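Asker: Mind looking over this structure? Questions follow.
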Amino acid sequence: MIVIESHTHGVVLLVRAQPGSRKSEIRGEQDGAVKVAVTQVAERGKANKAVVSLLSKQLGLRKSQLELLSGETLPQKRFLVREVSVEQLRAAIDTILR
């Protein structure tokens, strides 16, 4: 199950990033995190920007609603998602994964 935690400014979403993939897509769940593959390579923040772009597009969010809290140079990342509830985000993710 994907871990989504409450936060004073929204919710925290765990993400497992896979840069340098052939295709940008949300691939499912891995160890409680949303597994996100992006075509961008992991250099100078390019992959992180691609993850934000993909998540915002797939989840129907504005890019400004997503803020990287930790894991800038690691595959395991924590994103603050503003202006949504745990239930709203879980429903959006479940829709994509079906």
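Just so it is clear, none of the values below were taken in a lab; they were calculated from the coordinates. Here the structure is a predicted model, which means the values were calculated and not measured. Heads up, the Cβs are rebuilt from the backbone with ideal geometry, glycines too, and the neighbour counts pull from every protein chain shown.
Asker: With r as the distance between the Cβ atoms of residue 31 and residue 96 and R0 = 30 Å, compute the FRET efficiency 1/(1 + (r/R0)^6) and round to 0.05.
Answerer: 0.95
Asker: Let me ask you something else. In the neighborhood of residue 75, defined by Cβ-to-Cβ distances under 10 Å, what is the net charge if each Lys or Arg adds +1 and each Asp or Glu adds -1?
Answerer: Residues close to residue 75 contribute a combined charge of +3.
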